[in-house]
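Asker: Pasting a structure here, questions to come.
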There are 2 protein chains.
Amino acid sequence: MNGADLLCDVLLANDVTVCFANPGTSEMHFVAALDRKPEMRCVLGLFEGVVTGAADGYARMTDRPAATLLHTGPGLANGLANMHNARRARSPMINIVGDHASYHLPLDAPLTSDIEGLAAPMSNWVGRVKGPADIVPAAEAAFRASLTPPGVTTLILPADAAWGEVDAISPGKVKLAPLPAVDMAAVRKVAEAIRAAPGRVGMVVRGQAARADALEIAGRIAATGGVRLFSEVLIARMQRGRGRFAPTRIPYPVDAATTTLRDIDVLVLVGAKEPVAFFAYPGKPGRLVPDNCQVLSLAAHGEDLKAALEALADELGIKPTQQFTAARAFPDAPTPSGRLTDDAIAVSVARKLPANAIVCDEAVTSARRFFALSAYAAPHDYMMGTGGSIGGGIPMATGAAIACPDRKVINLEADGSGMYTVQGLWTQAREKLDVVTIVFSNRTYAILHGEMTNVGVNSIGENARRMLDLDHPALDWIALANGMGVEAARADTCERFDALLDSALSRPGPFLIEAVI
Amino acid sequence: MNGADLLCDVLLANDVTVCFANPGTSEMHFVAALDRKPEMRCVLGLFEGVVTGAADGYARMTDRPAATLLHTGPGLANGLANMHNARRARSPMINIVGDHASYHLPLDAPLTSDIEGLAAPMSNWVGRVKGPADIVPAAEAAFRASLTPPGVTTLILPADAAWGEVDAISPGKVKLAPLPAVDMAAVRKVAEAIRAAPGRVGMVVRGQAARADALEIAGRIAATGGVRLFSEVLIARMQRGRGRFAPTRIPYPVDAATTTLRDIDVLVLVGAKEPVAFFAYPGKPGRLVPDNCQVLSLAAHGEDLKAALEALADELGIKPTQQFTAARAFPDAPTPSGRLTDDAIAVSVARKLPANAIVCDEAVTSARRFFALSAYAAPHDYMMGTGGSIGGGIPMATGAAIACPDRKVINLEADGSGMYTVQGLWTQAREKLDVVTIVFSNRTYAILHGEMTNVGVNSIGENARRMLDLDHPALDWIALANGMGVEAARADTCERFDALLDSALSRPGPFLIEAVI
């Protein structure tokens, strides 16, 4: 057997059974090896941003890494933006990047580039296979690094390591370090702070702390301890909907965020980082908590967040029977009608959301209302791009659908954002994925119009308009989707949108709705 | 005025008058500044690979840098693959990458990343504006670096440097160092080698040495001195067609390349690098010249290649009146008919090519015959992706059309390659660019099928097929083009293709022909 075969075996032995791929010549031995492993599901993306974004979506839904297969430095480069999102989401991921044979590198052939240099800024771990004999240790190290703590790993595979002969062995499962024990000193310190400042303690939950079971504990702490529960502005994954505790999302605009947090004396982080302004603006603060606010960590990413919350509840004497406030029913609101608006879409989607759906939200400005309403929707998983890098939505929905074939995936997508990785629709068609993509077609980078106002420009001219607007020509999303084999339809009234959504939800996907707003 | 205004002024003072842009929030002050400069042409790309690829095409046709505007690390990351191609083409380019305000960086906000780290592998020069007072020196250094010698430069612009107030000044033109004098010792050494080994000297021309005037001199040297003239396998730009001397392209397959070069005792490089195998293959060489071949440099990139060729002709006593062999008329060949093939497309396009057209060739396997035939076509400029990074074609054609609004641009595009940066079609529609895109729709990564055979796999299974084939579903290029506002039609016979090409050439573009082969 060769190194490529052995690498596949290491992955499969560790239940890495999906490979999102966009291979090139230097990866042909690896492709040939995958071809001998029908138990590996190989999913082609027509652009590398689709590949890494799908691996991110897959990881968020399974808590397990998928492999990606990328072609040398430029192929990796195309995948970096969604690796950035994945890194910020702390998603496990194993990127396998083919490189020239080691002895070919000094010749500086056209595709040669500094792959380590490219990978490092967007990876938590970078390694290079030194030769065929290094396959097992290198691949096992990459797998381990992807999960302890979860993060993005990049393993560079030179062609001669892939094609070199190795002894036929059967790799075993990598033994992962157990989660560290709960830091009881931190728990006691947080409990003390909660007791000392009732009503003035905030707690930011993310990662495993934003899953239904952990949220339930956090909800009891909130109810009994007078703690206000928050989520970061960009949410990697949160289990949400009726019956679940709904944290307050810290708003994106700086002024709104500081107002939200102004009465907080102690902010407790549970797998989260201290919230900061997404961008700096002249004369506005970067940190969002008040200057005198104390910031405490209950438990960090990679630790057992649920156990830490349980320990905190215990320490506070909160019983598992304690009630917490959760949304029970959808609030009364008239059924939207007439001309379609982003708010009307939010209402319809939240109302009609099937139980156990997965929502991938990259609608940026257009879906802000959806998140508020989603607390009243059927129980679901909610995910966003987490690094601020545009182009995560369609790939993330693709990967989530691969991870969870029995669940409906709803992708709320902005037209501007959707175009960055529009190629992902083809993968949805090829793999027959159950994804409904709703494109909020406002034909503009609406967020940037807002930001122009933020920098003091109230009337824009020709050059700015040509950089901020997507009209002339308008994108025809039905044509784009059809061009990649995805059925699609357009709505510009609430009635038509509702009818399309009903239809899309009643049949297997993929389907795309261009919502003209 | 603020730093952003001053940066625009430095660019405009140095005749950088086109900005390919995909801005984000941290670049809003720069966008506002551009809005105050109607003399700057701002061209929006819906994906950053379009932006950098267009700047590459623009630079190749003008020998001048365009500016690009990219949004922080992830935006830059999306542009890196085509910066890689531009770097290998040695195209001047000034990438302006917005970053957070300097004081915001320590907060590690979601979009924060190591921009210098990302830029370095694909840039010849990287700098960061230190503050508003540093705008002029930093921008001038970037401009200078983009041209001496020509290359890719990346200038990072923190938001507080853009919005900071500066004294209103009018920047002047940057004084560029003159080209170094011709190295006469190198010239004499090459002349001596040519005299010593008539018929056994090869010469590889590229860059300015592949322009019509320099090729004419090289052609005379070839005719009189018994020198064989070559081009690299990937051609950044060559002036080609009837009446021009046509170098032999060194073939892509290693065996064919070594056969082509086997009788060469001395290889002379004129702005070129020593040719090497694109990829390593087990048991095949990496260097393509014979082991005992002497490699000499007549002049390097950034030197005056035409003057060096003139000096060499002088040294060899070759008169400007000396004849050289150039194609005069199109070879007799039957007009293709019936089912469309890639060879038939090559014949039709070469025959019908309008004088002074620009051909951007990213058809990979499908257009190999075109290059041979193009020696007999009307005089034109021919360009390819030069770094082996896929996704350069549509953007390059876009940039070339912006650079040369009075010339027809023909983009020979593979379906696999075209999908990487398909968003460029929208920019062609918006800017009403005169581009005819011919998509060779073979619904496969044909080159990778060949490479599978090269690694010894003759029969492929399900996993490999799913990574190498683009069928199921087939891409509908008419729908894709229409979705972005570009008219399109499909041909699967030679007759229909010819009719479409005639029509597309007779009217201003953009237009796309899906050539089903």
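Asker: Run the quick spin-label model on residue A:368 and residue A:263: label points 7 Å from Cα toward the beta carbon, then report their separation in nm to one decimal.
Answerer: Going by the 7 Å Cα→Cβ label model, 2.2 nm.
Asker: Order B:477, A:125, B:163 by their accessible area, 1.4 angstrom probe, all chains in place, largest first.
Answerer: Reading off the accessible areas and sorting them downward yields A:125, B:163, B:477.
Asker: Show me the ranking of peptides A:23-31, B:279-287, A:345-353, B:166-174 by mean Cβ neighbours inside 10 Å, starting with the highest. Intermediate results must be reported in sequence, preceding the final value.
Answerer: Details: A:23-31: 26.7, B:279-287: 17.0, A:345-353: 22.4, B:166-174: 12.6.
So the order, starting with the most tightly packed, is A:23-31, A:345-353, B:279-287, B:166-174.
Asker: To the nearest whole number, what is the average tally of beta carbon atoms from other chains within 10 Å of the beta carbons of peptide A:466-476?
Answerer: 6
Asker: Another question about this same structure. Determine the shielding of peptide A:9-22 by partner chains: average, over its residues, the number of Cβ atoms on other chains within 10 angstrom of each Cβ.
Answerer: 1
Asker: For the charge dipole of the range A:3-163, defined by +1 on Lys and Arg C-beta atoms and -1 on Asp and Glu C-beta atoms about the Cα centroid, which residue among A:151, A:73, A:136 has the Cα displaced farthest towards the positive pole?
Answerer: The residue sitting most towards the positive pole is A:151.
Asker: Quick one: how many Å² of residue A:102 are accessible to a 1.4 Å probe, rounded to 10?
Answerer: Around 50 Å² of this residue is reachable by solvent.
Asker: With the solvent-accessible surface defined on protein heavy atoms using a 1.4 Å probe, which residues belonging to the range A:70-114 display a reduction of at least 50 Å² in accessible area in the multichain context relative to the isolated chain?
Answerer: When all protein chains are present, A:74, A:78, A:88, A:104, A:107, A:110, A:111 each give up 50 Å² or more of accessible surface.
Asker: What percent do you get for the relative contact order of the range B:184-315 when only Cα pairs under 8 Å and 6+ apart count?
Answerer: 32
Asker: Given R₀ = 25 Å, what would the calculated FRET efficiency be for residue B:406 paired with residue B:213, taking r from the Cβ atoms and rounding to 0.05?
Answerer: On the way: r = 20 Å, r/R0 = 0.81.
Efficiency, from the Cβ-Cβ distance: 0.75.
Asker: Could you point to the residue in A:379, A:317, A:305 farthest towards the positive end of the range A:288-413's charge dipole, with +1 and -1 charges on the Cβ of Lys/Arg and Asp/Glu respectively?
Answerer: The listed residue farthest towards the positive side: A:379.
Asker: Here's a follow-up. For the range B:184-315, what percent of Cα pairs sit more than 26 Å apart?
Answerer: So the portion of pairs separated by more than 26 Å is 16 percent.
Asker: To continue, here is another question. Report the relative contact order of chain B, percent, no decimals, based on alpha-carbon pairs under 8 angstrom and at least 6 residues apart.
Answerer: 14
Asker: Oh, and also: What average number of partner chain Cβ atoms lie no more than 10 Å from the Cβ of the residues making up A:117-123?
Answerer: 6
Asker: Under 8 Å for C-alpha pairs, at least 6 residues apart: give me the relative contact order for the range A:121-173, rounded to a whole percent.
Answerer: 45 percent.
Asker: Right, something else. Distance cut-off 27 Å, Cα to Cα: go down the list B:273/B:306; B:173/B:319; B:189/B:284; A:175/A:306 and report the pairs above it.
Answerer: Listed pairs above 27 Å: B:173/B:319; B:189/B:284.
Asker: Hey, with R₀ at 41 Å, roughly what FRET efficiency would residue B:181 and residue B:103 work out to, going by the Cβ-Cβ distance, to 0.05?
Answerer: According to the calculation, E is roughly 0.30.
Asker: Further question on the same structure: Buried accessible area between A and B (1.4 Å probe, both chains summed, ligands and nucleic acids excluded), in Å² to the nearest 100?
Answerer: That pair hides around 8000 Å² of surface in total.
Asker: From the protein chains alone at 1.4 Å, what is the descending order of accessible area for B:382, B:103, largest first?
Answerer: Per-residue accessible area, sorted high to low, gives B:103, B:382.
Asker: Label points 7 Å out from Cα along the Cβ direction at residue B:141 and residue B:339: separation in nm?
Answerer: The answer from the label model is 6.1 nm.
Asker: Now a separate question. Between the alpha-carbon centers of the range A:381-458 and the range B:212-236, tell me the distance in whole angstrom.
Answerer: 50
Asker: What is the antiparallel percent of DSSP beta bridges lying wholly in chain A, to the nearest 5? Don't jump to the answer; show the numbers that get you there.
Answerer: On the way: 8 of 74 bridges.
If I count the DSSP bridges inside chain A, around 10 percent turn out antiparallel.
Asker: Can you give the accessible area per residue of the protein assembly as shown, in Å², using a 1.4 Å probe?
Answerer: 32
Asker: Only counting protein heavy atoms at a 1.4 Å probe, give the residues of the range B:481-510, ordered by number, whose accessible area falls by 50 Å² or more when the other protein chains are present relative to the chain alone.
Answerer: Correct list: B:483.
Asker: Please report the carbon-and-sulfur percent of the accessible area for the protein assembly as shown; probe 1.4 Å, protein heavy atoms only, DNA, RNA and ligands left out.
Answerer: Answer for the protein assembly as shown: carbon and sulfur cover 52 percent of the accessible area.
Asker: Report the extension gain between residue B:39 and residue B:284 in nm, rounded to one decimal, defined as 0.36 nm multiplied by the number of residues separating them, less their alpha carbon distance.
Answerer: 82.8 nm
Asker: Just give the residues from the range A:263-304 buried by at least 30 square angstrom of accessible area in the all-chains context relative to the isolated chain, probe 1.4 Å, and say none if nothing qualifies.
Answerer: A:273, A:276, A:278, A:279, A:280, A:282
Asker: Let me ask you something else. What share of the DSSP beta bridges in the range A:184-315 is antiparallel, in percent to the nearest 5?
Answerer: 5
Asker: Once label points are set 7 Å from the Cα along Cα→Cβ at both residue A:474 and residue B:319, what is their separation, rounded to one decimal in nm?
Answerer: It works out to 6.9 nm between the two label points.
Asker: From the mean inverse distance of alpha carbon pairs (Kirkwood) and the Cα radius of gyration, derive Rg over Rh for the protein assembly as shown. Please report the intermediate quantities before stating the final value.
Answerer: Details: Rg = 29.3 Å, Rh = 29.7 Å.
With Rh from the inverse mean 1/r over Cα pairs, Rg/Rh is 0.99.
Asker: To continue, here is another question. Quick check for me: using +1 on Lys/Arg Cβ and -1 on Asp/Glu Cβ, what's the dipole size of chain A about its Cα centre, in debye to the nearest 20?
Answerer: 1520
Asker: May I ask for the Rg/Rh ratio of chain B, computed from Cα atoms with Rh as the Kirkwood radius, given to two decimals?
Answerer: Expressed as Rg/Rh, it is 0.98.
The values are calculated or read from the model by the stated rules, or taken from the named source; none is laboratory data. Since the structure is predicted, the reported quantities are computational estimates derived from the model, not experimental observations. Methodologically, a virtual Cβ is constructed for each residue, glycine included, from the backbone with ideal geometry; neighbour enumeration extends over all protein chains shown. With ligands, DNA and RNA removed, areas are computed over all heavy atoms of the protein, side chains included. Shrake-Rupley method; radii C 1.70, N 1.55, O 1.52, S 1.80 Å.
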